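To start, the structure under review is shown below, and the notes come after it.
Taken together, the values in this text are just the output of simple stated rules run on the coordinates, not laboratory data. These figures come from a predicted structure and were not determined experimentally. Here the Cβ positions follow ideal geometry from the backbone for every residue, glycine too, while neighbour counts run over all protein chains shown.
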Amino acid sequence: MYSHEIENLLKLRNYLVSREEYNKISNLKDNPQIDHIKYDTYKNEFQIDTKDNYHFKLKIKK
C-alpha cells in the first residue's frame, strides 16, 4: 500500500481499524515506506511514521 492509500483507509475507518487491517497496514514487506511504528500504552494507540513524511495515529478495534 502507498502512504496515501493507508491514509484513505484510516480516514474511512475513522482511525479505528480491525486487527486484519492493522496487519495489512503495518506489514513492512508490503509497505517499505514505513519508517517507525510506536505503541503508546497511555493512549492505547499506534503511531506510524513513513519515509515520505506521513504520520498516522490509529487504534485497533477490540
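Hey, quick one: spin label on Ser18, modelled 7 Å out along Cα-Cβ, who in the range 41-62 has an amide N within reach, i.e. under 18 Å?
Zone members listed by number: 59-62.
Can you spot the aspartates and glutamates whose alpha carbon is less than 16 Å from Lys24's alpha carbon? Ignore those fewer than 8 places along the same chain.
Excluding near neighbours in sequence, the set is Glu5, Glu7, Asp35, Asp49.
Quick one, which of [x] -0.47, -1.07, -1.14; [y] -0.20, -1.31, -1.49; [z] -0.31, -1.06, -1.15 is the actual log10 I(q)/I(0) by the Debye sum over Cα atoms at q = 0.11, 0.27, 0.29 Å⁻¹ calculated for this model?
Of the listed options [x] -0.47, -1.07, -1.14; [y] -0.20, -1.31, -1.49; [z] -0.31, -1.06, -1.15, [y] comes from this structure.
Find which of Tyr22, Tyr42, Ile6 sits farthest along the positive direction of the dipole of the chain, computed with +1 on the beta-carbon of Lys and Arg, -1 on that of Asp and Glu, about the Cα centre.
Tyr42
Measuring from label point to label point, each 7 Å out along Cα→Cβ, what is the Thr41 to Ile60 span in nm?
1.6 nm
In terms of Cα to Cα distance under 26 Å, which lysines are near enough to Lys29, apart from those fewer than 8 places away along the same chain?
Lys11, Lys38, Lys51, Lys57, Lys59, Lys61, Lys62
Could you work out how far helix 3-12 tilts from the main Cα principal axis of the chain, as a 0 to 90 degree angle to the nearest 10?
30 degrees
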